[in-house]
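Structure first, then comments.
The values are calculated or read from the model by the stated rules, or taken from the named source; none is laboratory data. Treat the numbers as computed from the prediction; the structure is a model and nothing was measured. For neighbour counting, all protein chains shown are included, and Cβ atoms are generated from backbone atoms with ideal geometry for every residue, glycine included.
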């Protein structure tokens with residue numbers, strides 16, 4: 001006697017993909033790291049009688065405001081690249097937009113590096129007290145995250161040029177965009193806290 005096997009119904013897709021869940025966990029962990037660093041900065045800032053100390057150079061507000069605009073503007077071509085990929089547009093256009101985002105991120109890092117070199121020449125170093133130490137630890141940690149994100153963007157741009165993404169398969173581009181939005185949003189908090197407050 002033959003048994004009749006009933007096929008299982010197709011499994012429903014999970015409400016949140018594994019890649020998106022991994023990115024949520026990563027960004028949550030990074031947010032906790034920066035919450036601790038911001039807390040450290042605020043403790044030093046609020047306990048100091050004068051901030052910055054009178055013998056330390058002032059941070060370059062105008063240049064950093066311009067640099068902030070460069071970083072925040074970099075989110076727009078990436079958003080357009082993601083939208084173009086979802087619409088199934090040509091890979092070259094997507095890659096160009098991702099490359100533009102990576103270029104703007106690189107410009108942000110270069111300007112920040114030049115700013116730091118000038119500050120070091122004027123005496124603001126990691127060893128120049130809590131002001132210098134907290135500045136370089138907090139802003140330097142963000143710069144490392146931007147560097148990692150720019151590297152990721154460069155890899156995604158190469159993959160896009162090679163046609164690795166399709167209208168339905170572009171998780172790497174989407175997760176890269178989420179991480180880039182995170183580093184841009186984080187700078188929107190750090191810039192006023194460190195440079196304006």
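So is residue 143 touching a helix residue (DSSP H, G or I) at 6+ places or on another chain (Cβ under 7 Å), assigned to a helix (DSSP H, G or I), surrounded by fewer than 19 Cβ atoms within 10 Å (Cβ to Cβ) and in contact (Cβ under 8 Å) with a residue 24 or more places away in the chain or not?
Details: touching a helix residue (DSSP H, G or I) at 6+ places or on another chain (Cβ under 7 Å): yes; assigned to a helix (DSSP H, G or I): yes; surrounded by fewer than 19 Cβ atoms within 10 Å (Cβ to Cβ): yes; in contact (Cβ under 8 Å) with a residue 24 or more places away in the chain: yes.
Here the answer is yes, as residue 143 does meet what is asked.
When only residues in the range 146-162 that are buried (at least 21 other Cβ atoms within 10 Å of the Cβ) and either over 13 Å from the mean Cα position of the chain (by Cα) or free of Cβ contacts under 8 Å to residues at least 12 places away in the same chain (or both) count, which is nearest to residue 18 (Cα to Cα)?
For the range 146-162, the residue satisfying everything is 156.
For the range 110-130, give me the residue count where each residue is within 24 Å of the chain's Cα centre (by Cα) and surrounded by 16 or more Cβ atoms within 10 Å (Cβ to Cβ).
Summing the residues that are within 24 Å of the chain's Cα centre (by Cα) and surrounded by 16 or more Cβ atoms within 10 Å (Cβ to Cβ) in the range 110-130 gives 5.
With the requirement that a residue be assigned to a helix (DSSP H, G or I), in contact with a helix residue (DSSP H, G or I) (Cβ under 8 Å, 6 or more places away or on another chain) and within 19 Å of residue 55 (Cβ to Cβ), what does the range 88-132 give you?
Listed by number, the residues that qualify are 116, 130, 131.
If you scan the range 99-132, which residues turn out to be farther than 22 Å from residue 75 by Cα and in contact (Cβ under 8 Å) with a residue 40 or more places away in the chain?
Across the range 99-132, the qualifying residues are 115, 118, 119, 122, 123, 124, 128, 129, 130, 131, 132.
Among residues belonging to the range 25-36 that are under 19 Å from residue 177 (Cβ atoms) and within 14 Å of the chain's Cα centre (by Cα), point out the one that is surrounded by the most Cβ atoms within 10 Å (Cβ to Cβ).
Going through the range 25-36, the residues under 19 Å from residue 177 (Cβ atoms) turn out to be 25-31.
Subsequent filtering for residues that are within 14 Å of the chain's Cα centre (by Cα) retains 26-31.
Numbers: 26: 14, 27: 18, 28: 10, 29: 10, 30: 16, 31: 13.
My answer is 27.
Scan the range 44-62 residue by residue and report those that are part of a helix (DSSP H, G or I), surrounded by 11 or more Cβ atoms within 10 Å (Cβ to Cβ) and either touching a helix residue (DSSP H, G or I) at 6+ places or on another chain (Cβ under 6 Å) or without any contact (Cβ under 8 Å) to a residue 24 or more places away in the chain (or both).
Hits for the range 44-62 are 44, 61.
Please name all residue pairs, on different chains or six or more residues apart, with Cβ atoms under 8 Å, provided the first residue is in the range 163-184 and is more than 12 Å from residue 27 (Cα to Cα) and the second residue is in a loop (DSSP other than H, G, I, E, B) and at pLDDT below 95.
From the range 163-184, the pairs are 166/88; 167/87; 167/88; 171/17; 172/164; 172/165; 173/165.
Output yes when any residue across the range 64-77 is touching a helix residue (DSSP H, G or I) at 6+ places or on another chain (Cβ under 7 Å), over 20 Å from residue 142 (Cβ atoms), in contact (Cβ under 8 Å) with a residue 12 or more places away in the chain and buried (at least 18 other Cβ atoms within 10 Å of the Cβ), and no when none is.
Looking through the range 64-77, at least one residue is touching a helix residue (DSSP H, G or I) at 6+ places or on another chain (Cβ under 7 Å), over 20 Å from residue 142 (Cβ atoms), in contact (Cβ under 8 Å) with a residue 12 or more places away in the chain and buried (at least 18 other Cβ atoms within 10 Å of the Cβ).
Scanning for something part of a helix (DSSP H, G or I), closer than 19 Å to residue 69 by Cβ and out of contact with any helix residue (DSSP H, G or I) (no Cβ under 8 Å at 6 or more places or on another chain), does the range 175-189 turn up at least one residue?
yes
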